[in-house]
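Please read the structure below before turning to the comments.
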Amino acid sequence: MHFANLLEPWVLLRLVAGLVAVVLFGRAAKTSWRVLRRFDVSRSTEGQLALERHAELGASFVRVAAVVQVALLALTMLAGDRLSGSIRGAMCAFGVFHATPWGFRSLCATTTTAVAAGVVAQLYALDARVKSFELVRPLAQASLFLAALAAIDFGLAIGFTLDLDLSVVASCCSVQLDSVASGAAGPAGLGSAARDLSTIGAVASIAVSVLLAWRAARDPRMGLVISAALTAVIALPFALAASVLEVAPHAFEIPQHVCPFCLLRASVLFIGYPLYGAIFVAITSALGAGIGALLARSDGSRAALKGFARERMRREALAWGMALLIGALPVARYAVIARGGSLFH
């Protein structure tokens, strides 16, 4: 146990923010539990009216907690990058998270919770447009799920913090990732095939996602909205793969450098933050609209869905477009510098 890590400013800030998210989600979950047990829209008693007001208050807690959780994800990445200067051998946040078995578990939990919170926040925005209480119970269940995720995330963050030894000699990304990329780029050409597949797949799937999202924004029928959401889910792994196999090597002008954490560093103008931020906005907007379309079953909720889906689909299309543009910048820059030459040949 390394309790001295709790005195590190970035670590302390991350844990405090995580605790705030747990408290907010926990407070919302308390109300959600009461909603699932006692909410009955057919009654007009004082208790029912009070529960309806509490449900609205719980929605506010979830929205604020979602903002905190998303900011917590960015803070986690920033804290990892800052701590890399305290660990010998760690050139970026990869070395920090890789220094203990709890590192990437904690990061995955934070990322999962942030995405889930972003999607649920979208659904609460839809619920605010619906005049009935049709979505109260599904959102109450989602709130309980978020509270559990936030608690797990905070527990893993504590475990990661106490297990991290700042005096250890860590392995940097060039040892763990670049060597694998170099080996894959050998005679078999597996690295080249994977890079080409991810890049072509990312461009194609993002282009289809943008077209479907714009189409759904103009005509927000349930089928189009759900199709746009599914396409965004398909585009996500391609976009993430292309960010490390195509964008990162061109950003650093090193063919085998495939570290996503290095894209968050000042040496490349922090390009990773807007790149992954745009992808985050695209996927949460798409999933929010898609799940909202599945939950909207009455005429009133479907009418509310139209305006909601238009905004989210338009936001998804713009976010995917921004991600594609940001990812293309290092590639275009290298093409100009190299006068059209390829980085990989």
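The values are calculated or read from the model by the stated rules, or taken from the named source; none is laboratory data. Predicted model only: the values in this text are computed from it and were never measured. As a convention, Cβ positions derive from the backbone with ideal geometry for all residues, glycine included, and neighbour counts pool all protein chains shown. These area figures cover heavy atoms from the full protein model, side chains too; ligands, DNA and RNA do not enter into them. Shrake-Rupley method; radii C 1.70, N 1.55, O 1.52, S 1.80 Å.
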Q | Candidates L287, L275, L263, L305, filtered to the one that is open to solvent by less than 40 Å² (accessible area, probe 1.4 Å) and within 15 Å of the chain's Cα centre (by Cα) | A | L275
Q. Of the residues S132, S143, which single one is polar (S, T, N, Q) and either closer than 30 Å to D165 by Cβ or out of contact with any Gly (no Cβ under 6 Å at 6 or more places or on another chain) (or both)?
A. S143
Q.
Would you confirm, using the coordinates I've provided, whether V244 is touching a Lys or Arg at 6+ places or on another chain (Cβ under 8 Å), open to solvent by less than 60 Å² (accessible area, probe 1.4 Å) and of a type in the set (V, I, T)?
A. no
Q: For A74, indicate whether it is under 25 Å from N5 (Cβ atoms) and either modelled with pLDDT of 90 or more or touching a strand residue (DSSP E or B) at 6+ places or on another chain (Cβ under 9 Å) (or both).
A: yes
Q | Every pair of residues 6+ apart whose Cβ atoms lie under 8 Å, when the first sits in the range 319-334 and is under 18 Å from V258 (Cβ atoms) while the second is modelled with pLDDT under 95 and open to solvent by 50 Å² or more (accessible area, probe 1.4 Å) | A | Y334/E253
Q. What single numbered condition from (1) free of Cβ contacts under 8 Å to residues at least 24 places away in the same chain; (2) in contact with a helix residue (DSSP H, G or I) (Cβ under 6 Å, 6 or more places away or on another chain) fails to hold for V120?
A. (1)
Q.
Residue pairs, Cβ under 6 Å, 6 or more apart or interchain, first in the range 295-315 and in contact (Cβ under 8 Å) with a residue 40 or more places away in the chain, second in a helix (DSSP H, G or I) and open to solvent by 20 Å² or more (accessible area, probe 1.4 Å). List them.
A. L295/P138; A296/R302; A304/R129; F308/R129
Q.
Show the residue pairs meeting these rules: Cβ distance below 8 Å; 6+ apart or different chains; first residue within the range 135-160 and free of Cβ contacts under 8 Å to residues at least 60 places away in the same chain; second residue outside any helix (DSSP H, G or I) and open to solvent by less than 30 Å² (accessible area, probe 1.4 Å).
A. none
**Q.** Matching residues in the range 209-222 - criterion: being assigned to a helix (DSSP H, G or I), open to solvent by 50 Å² or more (accessible area, probe 1.4 Å) and closer than 27 Å to R297 by Cβ
**A.** W214, R215, R218, M222
Q) For the subset of the range 308-345 comprising residues that are under 21 Å from the mean Cα position of the chain (by Cα) and open to solvent by 80 Å² or more (accessible area, probe 1.4 Å), which member is nearest to A66 (Cα to Cα)? A) R315
Q) Does the range 189-208 include one or more residues that are at pLDDT below 90 and outside any helix (DSSP H, G or I)? A) yes
